[in-house]
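A.B. asks: Handing you this structure, nothing more for now.
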Amino acid sequence: MRRLFGLLSLTMALCCPPQTFGADLEPPEGFRALFDGETFTGWHGMPHFDPYKLEEMSEEERAAKLEEWNKDIEAHWRIEDGAVINDGHGAYLTTDESFRDYELLIDYKTVPLADSGIYLKNTPQVQIWDTREEGKKWNLGADKGSGGLWNNSPGAAGKDPLVLADRPFGEWNSFRIRQVGARTSVWLNGEHVVDHAILENFWKRELPLRASGQIQLQTHGGEIAWRNIFIREIPAEEANTILREASGSDFEPVFNGKDLEGWAGAVDNYEVVDGAIRCQQGHGGTLYTEKEYADFIVRLEFKLPPGGNNGLAIRYPGNGNPAYQGMTELQVLDNDAPQYAKLDKRQYHGSAYGMAPAARGFLRPTGEWNFQKVTVQGSVIQVELNGNQILNADLSQVTEFMANSPHPGKDLTRGHFGFAGHNDPVEFRSVEIKSLPAPVAPDKISD
């Protein structure tokens, strides 16, 4: 995304007469201002437009679009008293920068009959309503209040806010929005209205939300003012902690951080270094828990060296190749390594090896710790990587296999959990498992 919109920083800033900074424009500790209170520096115009289509354009076509959209900024946006104000029309005010994991603070004030929102990663949207019955949008959910992820599917978590927290017209409202991967939490005026829900990819619902993207302030039928726009980018370690804490309780540690007590198999090919299990360089084999599991959730952190290759053994019988004799091996792989450029799509990170491909583009850079949660229930496997669901596959429905190789273990209903080493020093830590009750039906698990 940074490459796609890199040329935006070259566009001319649309300036207005200088304004006096108010006390409220001082960013809280750890945050920085996205809007300086005086100019549109760092922002450009972009309406409701598919970012994938924008990416497909030539540089010349994109530049023409941006020029067209920036004219809307001149026509429909102004700056007064440290606030940026839109008349209800035109392109959306859009950050030049793209963001991955972050916390956003922003205040807004709007008018009756207006309808607006905030696009996250160029995706609609954290909703802003006229919540009164006179606003004539109760049929769309306006009576439930602002702050929900309105473009999520009906019934999906986060679509409707948990409480109505809007202030009366004429007063400023304050959002705190936390985005970790696709996981989105929203506080409106101090009330928690969305709790760690997945923001769906409006543009391609079969894919996870884009790994990074821009913040857009929507214009929609009535004047809206914005101020105190502050952001704090969340580092990987903190993001992993947020994801772990939000993934639930009642997990049992299966690695004590000191030695391989409770593990079997290729114990001589692994070592414990700084609280992590590490496959020894030049060695491999499957290290697995002594305990067996049927349906379960495992959460862990892993770190890849450049070119690193390993795997998660799921329902492993204790012998043979976990990718074939076990239910599956979920790949743990440096997807961007040159030697892996031409793999089968079912061989990349998070894939059920040789059977079901995972979405790509959500690994952190090599050398950083990633957080992954895997849910195994019946024949269905879900993989969530750094807050993005990259796999949701029912292996009982798989009929085509890479290289036409049979997978005799794919229908196993229980087995060990483990790591399938492939000679690289891939590391794992904070490995915890929670057993689940058997499902009532084999349907795919909903979020």
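A.B. asks: With n ≥ 4 as the cut-off for DSSP H runs, can you work out [θ] at 222 nm for the chain, using -39500 (n - 2.57) per run divided by the number of residues, rounded to the nearest 500?
C.D. replies: -2500 deg cm²/dmol
A.B. asks: Counting alpha carbon pairs within less than 8 Å and at least 6 residues apart, what relative contact order, in whole percent, applies to the chain?
C.D. replies: Value for the chain: 15 percent.
A.B. asks: Using just the alpha carbons, could you tell me how many Å³ per residue the convex hull of the chain encloses?
C.D. replies: Looking at the chain, the number lands at 154 Å³ per residue.
A.B. asks: Let me ask you something else. Taking the Cα centre of the chain as the origin, how large is its charge dipole in debye, to the nearest 20, when only Lys and Arg (+1) and Asp and Glu (-1) carry charge on their Cβ atoms?
C.D. replies: Around 900 debye, computed over the chain.
A.B. asks: Work out, step by step, the length gained on full extension between Glu133 and Lys345: first 0.36 nm times the residue separation, then minus their alpha carbon distance; give nm to one decimal.
C.D. replies: My answer for the length gained is 71.3 nm.
A.B. asks: Restricting to Cα atoms and excluding each atom paired with itself, what does the Kirkwood estimate give for the range 134-229 in Å?
C.D. replies: 14.5
A.B. asks: For Lys434, give me every one of the lysines with a C-alpha distance below 16 angstrom, ignoring sequence neighbours fewer than eight places off in its own chain.
C.D. replies: Lys291, Lys373
A.B. asks: Something else now. Could you check the spin-label model distance between Lys53 and Leu164? Points 7 Å from the Cα along Cα→Cβ, value in nm.
C.D. replies: In this crude spin-label approximation the distance works out to 3.6 nm.
A.B. asks: Could you list Asp424, Asp143 so that the one with the fewest beta carbons within 10 Å of its beta carbon is first and the one with the most is last?
C.D. replies: Asp143, Asp424
A.B. asks: State the Cα centre-to-centre distance between the range 147-225 and the range 256-301 in whole Å.
C.D. replies: Rounded to whole Å, the Cα centres lie 39 Å apart.
A.B. asks: Where a ≥ b ≥ c are the square roots of the eigenvalues of the C-alpha gyration tensor, would you call the range 6-234 rounded, which needs a/c under 1.5, or, failing that, prolate if a/b is larger than b/c, or oblate?
C.D. replies: Rounded, since a/c falls under 1.5.
A.B. asks: Which entries in the list Lys109/Lys144; Lys53/Lys345; Lys345/Lys410; Lys65/Lys144 go over 27 Å, if you measure between the two C-alpha atoms of each?
C.D. replies: Lys65/Lys144
A.B. asks: Which shape class, rounded, prolate or oblate, goes with the range 239-435 when its Cα gyration tensor gives a ≥ b ≥ c as root eigenvalues, a/c under 1.5 marks rounded, and past that a/b bigger than b/c marks prolate?
C.D. replies: rounded
A.B. asks: Compute the acute angle (0 to 90°) between the alpha-carbon long axis of helix 236-246 and the principal axis of greatest extent of the alpha-carbon atoms of the chain; round to the nearest 10°.
C.D. replies: 80
A.B. asks: On to the next question. Please compute the alpha carbon radius of gyration of the range 228-296, then divide it by the globular-protein estimate 2.2 N^0.38 Å. Two decimals is fine.
C.D. replies: Ratio of Cα Rg to 2.2 N^0.38 Å: 1.54.
A.B. asks: Let me ask something else about it. Among Ser405, Ser116, what is the fewest-to-most ranking by other Cβ atoms within 10 Å?
C.D. replies: Ser405, Ser116
A.B. asks: Counting alpha carbon pairs within less than 8 Å and at least 6 residues apart, what relative contact order, in whole percent, applies to the range 255-329?
C.D. replies: This gives 22 percent for the range 255-329.
Only the coordinates and a few stated rules stand behind these numbers; no lab work does. These figures come from a predicted structure and were not determined experimentally. Neighbour counts run over all protein chains shown; Cβ positions are idealised from the backbone, glycine included.
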